[in-house]
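The values are calculated or read from the model by the stated rules, or taken from the named source; none is laboratory data. Computed from a predicted model, the values in this text were never measured in an experiment. All Cβ positions, even for glycine, are placed from backbone atoms using ideal geometry, and neighbour counts span all protein chains on display. We work out accessible area using only protein heavy atoms, side chains counted, and drop any ligands, DNA or RNA first. Shrake-Rupley method; radii C 1.70, N 1.55, O 1.52, S 1.80 Å.
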Amino acid sequence: MNNPIISMLSALGAFILSCLKDMGAMSIFMLAALRKMFGKGQLSKIFAQIRLIGANSLFLIVIISIFTGMVLGLQGYFILTSFGAEGALGALVSLALIRELGPVLTAIMIVGRAGSAMAAEIGVMRTSEQLDALEVMDIDPMSYLIAPRMAACLVIFPLMTAIFNTVGIIGGFLAGSVILNSNSSIYFYRVQMSVDLDDVTGCLIKAIVFGIIVATVSCYQGYFTHMRKDSVGSAAVNRATTSAVVLSCILVLMFDYVITSFLM
């Protein structure tokens with residue numbers, strides 16, 4: 001009779017080995033895409049992906065950021081008021097956005113808006129044998145499809161994060177100073193005095209890392225849709241898209257903790 005503890009440990013070990021195998025495969029996939037970003041004729045493809053990933057996500061980023069800033073301003077004001085420190089509202093909002101909420105929420109929003117689209121598009125191309133057709137025509141799918149998306153994410157994520165932070169700080173000002181009538185001069189003075197170069201640098205590092213993660217996971221899931229063991233055809237594309245969003249969000253939060261612990 002099988003020992004339940006041994007069976008459980010065996011299943012856990014198999015799961016860990018599967019995760020390590022997938023992480024290794026995605027790392028090789030990422031390095032191959034990064035290596036082919038600078039090939040001939042890539043610039044036009046990169047600009048096209050910047051428009052699709054970035055420009056089409058701008059409205060969503062602005063809406064989410066302004067309400068995030070307003071919620072921070074509203075909650076922060078009443079919390080700080082209980083301590084008699086409402087003048088520190090600008091520091092609270094700006095540091096919360098720049099250090100944590102800005103890069104993380106931007107990455108999650110782009111995952112939902114563009115990461116899922118990348119996984120679905122490439123997955124459909126794989127299941128409909130369009131990627132095989134590219135290889136038959138001696139066109140490298142990695143250079144033609146994956147590398148431009150990787151390069152676009154490296155540009156878009158820091159830019160969208162900067163926009164998120166700026167609009168979020170303005171949202172905090174609207175909630176704290178305009179609606180609740182706190183001193184607007186003190187708000188922006190606190191923002192200026194509390195944010196330093198290390199905060200901005202850490203924010204940009206997170207944005208770049210998150211961009212690489214989202215592009216790698218989304219493209220990888222779509223590119224290898226045909227190798228999934230749980231489904232085939234359109235169902236495989238559906239599962240690949242879901243896996244891309246879920247795994248990207250998990251890895252973003254995991255790497256956010258790792259980067260933060262190194263920057264503290």
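Using heavy-atom solvent-accessible surface (probe 1.4 Å) with all chains present, what is the largest-first order of 15, 173?
15, 173
From the C-alpha gyration tensor of the stretch 112-255, pull out the three semi-axes of the equivalent ellipsoid (sqrt of 5λ each), sorted largest to smallest, in whole Å.
So the three semi-axes of the stretch 112-255 are 41, 16, 12 Å.
Obtain the nm distance between the two label points defined at residue 15 and residue 51 by a simple spin-label model: each point lies 7 Å from its Cα along the Cα-to-C-beta direction.
Result for the modelled spin labels: 4.5 nm.
Set the Förster distance to 22 Å, then compute FRET efficiency between residue 44 and residue 137 from the Cβ-Cβ distance, nearest 0.05.
Efficiency computed from Cβ-Cβ geometry: 0.75.
Using only the Cα atoms of the chain, what semi-axes does the equivalent ellipsoid have when each is the square root of 5 times a gyration tensor eigenvalue? Give whole Å, largest first.
Each semi-axis is √(5λ); the values are 39, 24, 15 Å.
Under the Karplus relation 6.51 cos²θ - 1.76 cosθ + 1.60, θ = phi - 60°, what is the ordered set of whole-Hz ³J(HN,Hα) values for the stretch 139-149, x standing for Gly and Pro?
3J(HN,Hα) across the stretch 139-149, in whole Hz: 10, 6, x, 5, 6, 7, 10, 7, 4, x, 5.
How far is it, in nm, from the label point at residue 259 to the one at residue 200 when both lie 7 Å from their Cα along the line to the Cβ?
It works out to 1.7 nm between the two label points.
Would you mind checking the tilt of helix 42-53 against the longest principal axis of the Cα atoms of the chain, expressed as 0 to 90 degrees and rounded to 10?
60 degrees
I'd like to check one number: the per residue accessible area of the chain, probe 1.4 Å, reported in Å² as a whole number.
53 Å²
Carbon and sulfur: what percent of the chain's accessible surface (1.4 Å probe)?
70 percent
Determine the distance separating the Cα centre of the stretch 81-139 from the Cα centre of the stretch 178-226; give it in Å without decimals.
11 Å
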